[in-house]
Amino acid sequence: MKIYFLILLSLLAALTSSMTAAEEIIWHVKAVHPDGKLIDVKAIDAAGKIYSIKAIETPGNAWLLDVKALVGDQKLPVKVLASEDKLAPVKAIGADGTIYAIKAILADGTKLDVKGVAQHGSVIDIKAVNEKGEFYGVKAISAAGKLYDLKGLKMTSDKVEATVNGVPVAAHIKALPSP
């Protein structure tokens, strides 16, 4: 399964190598309520300050977008953290190892956790989870209205994929075209 995934990524990279843009294209990251309403997805620091989460399309790579928390002038990585929890924590990681919560924030201010909820081979589904345990899809949305799914991607079978700024990470979060 992993070899097919790596081949797919290589093919996508080859397809996009001739498609370059002058600069990065920023996509919004939103959770989608079952009734179709879009819900903001944000990073929150320990003091409660809220920051944007964006998917970033880099020149020549329109198929595998980086997901980052925009904190000041920094673009912090958003990852699935290594954990024994049934629902894997999704967090942003600062350069000094500071952890930022990732939450979907409803219009009334209610905050929903964003988690890795199920793993299919080397792909982890990323969802917002309401108080009843129901899952809402988390999407990257382009200015043109394209929708990509946020997924956790594992490149190894190890429980800890990498250590980012001292924090053990289980998977890298990317935005991929919806099936």
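Going through the stretch 115-164 one residue at a time, which ones are among the polar types (S, T, N, Q), in a strand (DSSP E or B) and either more than 15 Å from the chain's Cα centre (by Cα) or crowded, with 16+ Cβ neighbours inside 10 Å (or both)?
Correct list: Thr163 only.
Can you name every residue in the stretch 65-114 that is in contact with a strand residue (DSSP E or B) (Cβ under 7 Å, 6 or more places away or on another chain), open to solvent by 40 Å² or more (accessible area, probe 1.4 Å) and assigned to a strand (DSSP E or B)?
Listed by number, the residues that qualify are Asp66, Lys68, Leu70, Lys75, Lys91, Ile99, Lys103, Lys111, Asp113.
Working only within the stretch 20-60, note down all residues that are of a type in the set (Gly, Ala, Ser), within 22 Å of Gly72 (Cβ to Cβ) and open to solvent by 70 Å² or more (accessible area, probe 1.4 Å).
Across the stretch 20-60, the qualifying residues are Ala46, Ala47.
What pairs come out if I take residues in the stretch 78-99 that are closer than 16 Å to Asp45 by Cβ and touching a residue at least 40 places away in the same chain (Cβ under 8 Å) and pair them with residues that are open to solvent by 70 Å² or more (accessible area, probe 1.4 Å) and of a type outside the set (A, V, I, L, M) whose C-beta lies under 9 Å away, six or more apart or interchain?
From residues that are closer than 16 Å to Asp45 by Cβ and touching a residue at least 40 places away in the same chain (Cβ under 8 Å), the pairs are Ile93/Asn165; Gly94/Gln74; Gly94/Asn165; Ala95/Gln74; Ala95/Asn165; Asp96/Asn165; Gly97/Asn165; Thr98/Asn165.
I'd like to verify a number: residues in the stretch 165-179 that are of a type outside the set (A, V, I, L, M, F, W, C) and either open to solvent by less than 30 Å² (accessible area, probe 1.4 Å) or assigned to a strand (DSSP E or B) (or both), how many?
Residues in the stretch 165-179 being of a type outside the set (A, V, I, L, M, F, W, C) and either open to solvent by less than 30 Å² (accessible area, probe 1.4 Å) or assigned to a strand (DSSP E or B) (or both): 4 in total.
Failed condition for Val138, given (1) more than 22 Å from Glu84 (Cα to Cα); (2) at pLDDT below 95, with all others met?
So the condition that Val138 fails would be (2).
The values are calculated or read from the model by the stated rules, or taken from the named source; none is laboratory data. Everything numeric here is computed off the predicted structure, so don't read it as measured data. Positions of Cβ are backbone-derived with ideal geometry, glycine not excepted, and every protein chain shown enters the neighbour counts. When the accessible area is computed, the model is the full protein with side chains, heavy atoms only, and any ligands, DNA or RNA have been set aside. Shrake-Rupley method; radii C 1.70, N 1.55, O 1.52, S 1.80 Å.
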